[in-house]
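Peer 1: Take this structure first; my questions come after.
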């Protein structure tokens, strides 16, 4: 069966076409204006950041050749021809990588404990006192907006050089970030069990322990594992400011142009990050797969 | 019927032991994992040189530092700090834009519905993963070696590390796009490029724009820290002032960062709402 396509009279058609073209033109104009504004912002930013496209093109060759150089041994051979020479310091680097993992583990755990204690006070539905909640929220906001490495810079001066400053910096930053996520879980929790427990005359702490905690604990552990993953990356650069871990070795290698060392350490860091990503992903799926599905 | 009565619990227990007694492996799993977690934690504390005396001395020191930070005061270097802040914002904006421009074509290669062949997609994805595995600070150090100290190295560091993240996010957005519009273009005789331009991009661009705005926001934070290794911006001033123990300047700089981040948050929230909101209306 065929349907006849009705064609409008030319006069009406012209009218509609004109309206359509107007509408499109208006949209295009708005888009062009937004694009022009964005470009202007970019140009201003480029001047502010002293960007010079000519230098970029001249230096781009350097960038490629830098990767060429870090993949060469001192003898001029490619790194993968002699693994023993490439990873000559693997004992020391593995130990430092272990230290990096420990820094992120201890930092995450301390941060998670703080976040755990504070999040019930920061969540809208469980906080016992609005004024207390306001203060705690601002504190947590501060802890998560200031980057961990800035805390590390200050802590290195207060606590001395070494991994302790790194751990504390990561702990503070993670407690701010985790407490926000934790309190969001609590805010989504079902409040009926809390009422049930409170009606038996229980204290605030018992309400949290028996009514809220069972609902939220799986989410907490999942976020904490995710945070651990992020903190491994973060801990790998803590050494840049003297706060322990593999970063110290890396920064020395980069600054002193020990080319093959740079690539060896980078490869080890990337592999570690991959392994941790996969392991925590597997652990989360195993621990919380069931809860997540229901 | 009434003869059956209530079953004797003892009998049931004897008949179905598995239901009443969880196996030892299930009962012991949680305490064992907790114990392991605490043991690793304790080992970490010892291995990382934690000691109560050091902690107390450090806290004491930290208390002094906090006291000396008050009140925040830029001294006479306020114009210098404002310029550094402008530099930081420029680094974030330029770096993210550059990353988005490079990431868009590459993300097409990494999307399943654009490039069905595994041979192309797999290496592109692993390449993006590798770039993401390296921290922005490390990229900053590398770029400093290549283009020298200064904000330009920061722009390139942000651009390359975001290229990895945005490439992945873009390709996910493209994979989530509706296929029917692409098929419609193909049915009306469009070429492969037409399919991407008229079928795919109109669906994907608003999502991508939202993500880019979010990254500009989060890069304001990243851009504050890459200065610590010498890649320009306010981080450079911050690291400098911490090194010379000018605590009032330090607290003022931190305050500036907090205000700038809050302002960018607010602006990009409005913009994102405008972009997505307009789409929802249309």
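The values are calculated or read from the model by the stated rules, or taken from the named source; none is laboratory data. This is a predicted model, so every value here is computed, not measured. Ideal geometry is used to build each Cβ from the backbone, glycine not excepted, and the neighbour counts take in all protein chains shown.
Peer 1: Check segment B:213-235 and report whether any residue there is at the interface with chain A (Cβ under 9 Å from one of its Cβ atoms) and exposed (fewer than 15 other Cβ atoms within 10 Å of the Cβ). Spell out the reasoning first.
Peer 2: Kept after step one, since they are at the interface with chain A (Cβ under 9 Å from one of its Cβ atoms), are these residues of segment B:213-235: B:221-222, B:224-225, B:228-229, B:232-233, B:235.
Keeping just the survivors that are exposed (fewer than 15 other Cβ atoms within 10 Å of the Cβ) gives none.
There is no residue in segment B:213-235 that is at the interface with chain A (Cβ under 9 Å from one of its Cβ atoms) and exposed (fewer than 15 other Cβ atoms within 10 Å of the Cβ).
Peer 1: Hey, another quick one. May I ask you to list pairs of residues, at least six apart or on different chains, whose Cβ atoms are under 7 Å apart, with the first in segment B:42-68 being more than 8 Å from every other protein chain (Cβ to nearest Cβ) and the second being surrounded by 13 or more Cβ atoms within 10 Å (Cβ to Cβ) and in a helix (DSSP H, G or I)?
Peer 2: Filtered contacts from segment B:42-68: B:68/B:247.
Peer 1: Tell me whether segment B:69-78 contains one or more residues that are under 23 Å from residue B:239 (Cα atoms) and within 14 Å of chain A (Cβ to nearest Cβ).
Peer 2: We begin by selecting, within segment B:69-78, every residue under 23 Å from residue B:239 (Cα atoms); these are B:69-78.
Pick out the ones that are also within 14 Å of chain A (Cβ to nearest Cβ) and you get B:69, B:72.
Yes, because at least one residue in segment B:69-78 is under 23 Å from residue B:239 (Cα atoms) and within 14 Å of chain A (Cβ to nearest Cβ).
Peer 1: Does segment A:172-197 hold any residues that are surrounded by fewer than 15 Cβ atoms within 10 Å (Cβ to Cβ) and more than 29 Å from residue A:226 (Cβ to Cβ), and which are they?
Peer 2: Of everything in segment A:172-197, those that are surrounded by fewer than 15 Cβ atoms within 10 Å (Cβ to Cβ) and more than 29 Å from residue A:226 (Cβ to Cβ) turn out to be A:195, A:196.
Peer 1: How many of the residues making up segment A:124-150 are surrounded by 23 or more Cβ atoms within 10 Å (Cβ to Cβ) and more than 10 Å from chain B (Cβ to nearest Cβ)?
Peer 2: 2
Peer 1: For segment B:127-152, enumerate the residues that are part of a helix (DSSP H, G or I) and more than 10 Å from every other protein chain (Cβ to nearest Cβ). Let's see the steps before the verdict.
Peer 2: Our first condition is that a residue be part of a helix (DSSP H, G or I); within segment B:127-152, this holds for B:127-133, B:136-147, B:151-152.
Those that are part of a helix (DSSP H, G or I) and more than 10 Å from every other protein chain (Cβ to nearest Cβ): B:127, B:128, B:139.
Peer 1: Now for a separate question. Among the listed residues A:179, A:171, identify the single one that is under 17 Å from the mean Cα position of the chain (by Cα), within 14 Å of another protein chain (Cβ to nearest Cβ) and either at pLDDT 90 or above or under 28 Å from residue B:38 (Cα atoms) (or both). Working first, answer last.
Peer 2: Details: A:179 fails: within 14 Å of another protein chain (Cβ to nearest Cβ).
Only one candidate qualifies: A:171.
Peer 1: Further question: Look at segment A:85-115 and say how many of its residues are buried (at least 18 other Cβ atoms within 10 Å of the Cβ) and assigned to a helix (DSSP H, G or I).
Peer 2: In the first step, residues of segment A:85-115 are kept if they are buried (at least 18 other Cβ atoms within 10 Å of the Cβ); the result is A:86-87, A:93, A:96-97, A:99-112, A:114-115.
Imposing the further condition that a residue be assigned to a helix (DSSP H, G or I) reduces the set to A:86, A:93, A:96-97, A:99-112, A:114-115.
Residues in segment A:85-115 being buried (at least 18 other Cβ atoms within 10 Å of the Cβ) and assigned to a helix (DSSP H, G or I): 20 in total.
Peer 1: Give the residue that is modelled with the lowest pLDDT, with candidates limited to residues of segment A:261-278 that are under 16 Å from the mean Cα position of the chain (by Cα) and more than 8 Å from chain B (Cβ to nearest Cβ).
Peer 2: It comes out as A:277.
Peer 1: Could you count how many residues in segment B:79-111 are within 14 Å of chain A (Cβ to nearest Cβ) and under 23 Å from the mean Cα position of the chain (by Cα)?
Peer 2: 18
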